[in-house]
Amino acid sequence: MPNSPKSVKIQIMKLILFFIVASCSFFLPACVTESEVPQTERYTLTKKELETHGAKVFEGSKAKVSTAAEEALKTMGYTISTRDPKRGLIVTEPMSITGVVENRASRQQFRKYVISVEGTAERAKVTAKPVLLSGTKDISSQKVWTLDGPEGEKVRWEKYFELVGHFL
């Protein structure tokens with residue numbers, strides 16, 4: 001029976017619930033100011049940070065370590081745009097990442113890596129320099145880097161170097 005007292009009560013309760021949810025989603029954002037929303041602290045990526053966390057020495061020839069460094073990038077989903085074994089250079093194509101909010105306008109963000117491999121027949125040092133792009137503009141020298149935390153550069157470097165070691 002569609003018009004029974006029980007079904008009418010259920011319909012009224014659904015309507016009330018709908019209005020409660022709708023009003024919360026409409027009014028709640030107005031209660032939170034921008035200063036109350038925690039922001040991730042951003043840093044400039046320094047040469048010291050890159051040398052300390054973005055570089056690692058591996059056992060193996062320069063050629064072998066270069067191959068492992070490239071395979072690790074491919075495993076992470078990157079496409080290689082430049083490969084120069086003599087110079088020990090590997091550069092990836094930019095990969096789209098989650099937009100970073102700048103001045104309340106979200107812009108398309110990209111990440112790529114410039115990898116340098118230096119070494120001998122016994123060991124090689126891999127330096128993984130990340131590059132951030134806003135559209136086509138390189139913003140890597142700006143205060144845009146998150147160093148710590150689960151999405152920070154230090155964790156990204158650890159995961160990358162772990163993969164390089166896996167391919168050796």
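In the stretch 147-157, the qualifying residues are those that are in contact (Cβ under 8 Å) with a residue 60 or more places away in the chain and within 19 Å of Val114 (Cβ to Cβ), and the one that is surrounded by the fewest Cβ atoms within 10 Å (Cβ to Cβ) is Lys154. Residues that are closer than 14 Å to Leu50 by Cβ and under 12 Å from the mean Cα position of the chain (by Cα) within the stretch 121-151 comprise Pro130, Val131, Leu132, Trp145, Leu147, listed in sequence order.
For the stretch 62-92, the set of residues classified as of a type in the set (Ser, Thr, Tyr), closer than 14 Å to Lys129 by Cβ and buried (at least 18 other Cβ atoms within 10 Å of the Cβ) consists of Tyr78, Thr92, listed by residue number.
For Lys159, state whether it is under 21 Å from Lys64 (Cβ atoms) and either of a type in the set (Val, Ile, Thr) or under 13 Å from the mean Cα position of the chain (by Cα) (or both). Yes: the conditions hold for Lys159.
Any chance the stretch 24-39 includes a residue that's closer than 24 Å to Trp145 by Cβ and at pLDDT 95 or above? No, there is no match, as no residue in the stretch 24-39 is closer than 24 Å to Trp145 by Cβ and at pLDDT 95 or above. Test Val57 against the stated conditions and say whether it is farther than 30 Å from Arg111 by Cα and either out of contact with any Gly (no Cβ under 8 Å at 6 or more places or on another chain) or at pLDDT 95 or above (or both). No. Glu151 meets each of the listed conditions (1) at pLDDT 90 or above; (2) not in a strand (DSSP E or B) apart from (1).
The values are calculated or read from the model by the stated rules, or taken from the named source; none is laboratory data. Computed from a prediction, not measured in an experiment: that's the story for all the values here. In this analysis, Cβ positions are derived from the backbone assuming ideal geometry, glycine residues included, and neighbour counts consider all displayed protein chains.
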